[in-house]
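First comes the structure, then the notes that go with it.
The values are calculated or read from the model by the stated rules, or taken from the named source; none is laboratory data. From a predicted model like this one, the values you see are computed outputs, not experimental measurements. Note that we place each Cβ from the backbone using ideal geometry, even for glycine, and neighbour counts take in every protein chain shown. Quick note on the areas: whole protein, heavy atoms, side chains included, nothing else; ligands and nucleic acids left out. Shrake-Rupley method; radii C 1.70, N 1.55, O 1.52, S 1.80 Å.
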Amino acid sequence: MAALGLGLQVRQFSTSVLRQALIRPPIDVYGVGGRYATALFSAASKQKKLEQVEKEMGTLSALIKDPKLSSIVMNPHVKRSLKLKFFGDAMTKANLSPITVNLITVLADNGRLTVTADVVGAFAKMMSAHRGEVICTVTTAHPLDEANLADLKVALNGFLAKGETLILETKSDASILGGMIVSIGDKYVDMSTKTKIHKLTKIIRDS
């Protein structure tokens, strides 16, 4: 009954955002998870509950990592109504707000519970941007030494606007062979040796 009683809230969450002007997040995050996160950001912003919802996304992330709950809600063979019941019970115990409950209900109704983690991640990026944090991920073939890392930070800080703070994450991936791949905010630049070789190979083949 509790799950069925959420029906009206579901429609309010999923359609009211479409009918009203969206409050756009500071950055665009693409993909299915990004679209849901954008609607969530708009709904939370209008109700002035961005920080509360951000905290609840952390709780939500912990819930979907629970083996027992995950084995049910992420199982494609389990009925949506049953998934919603189990998830709904867990959210009630966690005392999550109607905004977060409505998000999960919409995801369940649309058969999209499997992208919950993507929504949580996308919302986190939006909130970081909202606080003036610019998330940057740099992937290199080998770990950067301290000198190169310092130079990289100086270069990346040059792209920031006044009041923005760089949040840098570095990764190593030997498969890119050399160079680097930079993802900063909603921008993505692939300067890897692997990609350069692929482009050169394509030019040779097409010539």
Approximate spin-label separation Lys196-Ala21, in nm, with each point projected 7 Å along Cα-to-Cβ: 4.7 nm
With Cα atoms, 0 to 90° folded angle of helix 98-109 axis to the chain main axis: 80 degrees
Rounded to whole Hz, the Karplus (6.51, -1.76, 1.60) HN-Hα couplings of region 123-129, x for glycine and proline: 5, 4, 5, 5, 5, 4, 5
Contour excess over end-to-end distance, with Cα ends at Ile72 and Tyr30 and 0.36 nm allotted per residue: 12.4 nm
Protein accessible area in the chain, 1.4 Å probe - carbon and sulfur %: 57 percent
Gain upon complete extension [Ala155, Glu133; 0.36 nm per residue less C-alpha separation]: 6.3 nm
Degrees between helix 50-65 axis and first principal axis of the chain (Cα, 0 to 90, nearest 10): 90 degrees
Tilt relative to the chain, helix 32-46 - C-alpha long axis, 0 to 90 degrees, to 10: 60 degrees
Max mean-square fluctuation residue, GNM over the chain, Cα-Cα springs under 10 Å, options Leu113, Leu168, Leu60: Leu168
Most mobile listed residue (Gly163, Gly33, Gly132) in the chain, GNM with C-alpha springs under 10 Å: Gly163
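Å³ per residue of the Cα convex hull, for the chain? Could the numbers behind the result be given before it?
Values: hull volume 37.7 nm³, N = 207.
Enclosed volume per residue, from the Cα hull, is 182 Å³.
Can you work out the FRET efficiency for the pair Lys162 and Tyr188, with r the C-beta to C-beta distance and R0 = 22 Å, to the nearest 0.05? Let's see the in-between values first.
On the way: r = 24 Å, r/R0 = 1.08.
The value I calculate is 0.40.
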Net charge of neighbours whose Cβ lies under 10 Å from the Cβ of Gly179, counting Lys and Arg as +1 and Asp and Glu as -1: +1
Amide proton proximity set for Met180, modelled H, under 5 Å, gap of 5+: Met191, Ser192, Thr193
Neighbourhood charge, 14 Å Cβ-Cβ cut-off, centred on Lys83 and excluding it, Lys, Arg +1 and Asp, Glu -1: +2
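Compute the accessible area per residue over the chain, keeping the other protein chains in place, probe 1.4 Å, unit Å².
It amounts to 61 Å² per residue over the chain.
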